[in-house]
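Reviewing the structure listed below.
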Ligand code: BTN
């Protein structure tokens, strides 16, 4: 991963650039990194703030063998890889909020977006997008985001070497992807649980079915969040966003 590398000074979104390359037949692991994105995108159609020179904005081509159900598992795997890399390179004790946001002190510092291109019910390829707020300061964010986000530099007090971080993410990802292809999701599920800041917490789930409250109980075999409802029932949550209550 990352051996086929394109570095751009400015692009609309590294997702779009990597998708173009995948479409043209780029090999698995092909990586596109940008200094700045003018229309970086997040999950559920949200924009992703990507100012120049301060973050890690990158997208890699994946060509998974498995069925469509593997895609959520790969997003969780990516979160584990980035979380481990962040801890090694910056010492910041990041944790994972389901499904794949990375937080420090309850504030978001990394987002992950996996987009799958499906053909005849099979995954043709996936684009794995990672945005890490490495060296941003409070004033680099729009006002409305400031209370919700943080960066590695703010958490650790020192500037992070972005190249070292990219290399560490690629190494961790390659190792975990190998493990996943050999032994399935179970070892990844356990690692995810050990790095999670969601489990045991009171949560609210917002999805197409509306709003539901409960306690985050564990991660299921497909990567779904198992939630214990107020009635004591354990139910799976496959998609949507959750809110963690303080505490
Ligand atoms: C989220 O938390 O909503 C996911 C954010 C993903 C952002 C990254 S930055 C690199 C890549 N290019 C994009 O346009 N988005 C992803």
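The values are calculated or read from the model by the stated rules, or taken from the named source; none is laboratory data. These figures come from a predicted structure and were not determined experimentally. Glycine gets a Cβ as well: all are built from the backbone with ideal geometry, and neighbour counts include every protein chain shown.
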What do you reckon, is residue 55 modelled with pLDDT under 95, out of contact with any helix residue (DSSP H, G or I) (no Cβ under 7 Å at 6 or more places or on another chain) and farther than 27 Å from residue 185 by Cβ? no
Can we say residue 71 is within 15 Å of the ligand (Cβ to nearest atom), over 23 Å from residue 136 (Cα atoms) and outside any helix (DSSP H, G or I)? no
Quick one: would you say residue 3 is closer than 19 Å to residue 125 by Cβ and within 13 Å of the ligand (Cβ to nearest atom)? no
Taking the stated definitions as given, is residue 120 away from the ligand (no atom under 16 Å from the Cβ), touching a helix residue (DSSP H, G or I) at 6+ places or on another chain (Cβ under 9 Å) and on the phi > 0 side of the Ramachandran plot? no
Being surrounded by fewer than 21 Cβ atoms within 10 Å (Cβ to Cβ), touching a residue at least 60 places away in the same chain (Cβ under 8 Å) and out of contact with any helix residue (DSSP H, G or I) (no Cβ under 7 Å at 6 or more places or on another chain), is that true of even one residue in the range 2-16? no
What are the residues in the range 130-161 that are surrounded by fewer than 19 Cβ atoms within 10 Å (Cβ to Cβ), part of a helix (DSSP H, G or I) and either within 16 Å of the ligand (Cβ to nearest atom) or not assigned by TED's automatic domain parsing to the domain that holds residue 173 (or both), if any? 140, 144, 145
Before we move on, is residue 85 in a helix (DSSP H, G or I), within 16 Å of the chain's Cα centre (by Cα), closer than 18 Å to residue 46 by Cβ and modelled with pLDDT of 95 or more? no
Which of the following residues is over 20 Å from the mean Cα position of the chain (by Cα) and either crowded, with 19+ Cβ neighbours inside 10 Å or in contact (Cβ under 8 Å) with a residue 24 or more places away in the chain (or both): 219, 208, 165? 208
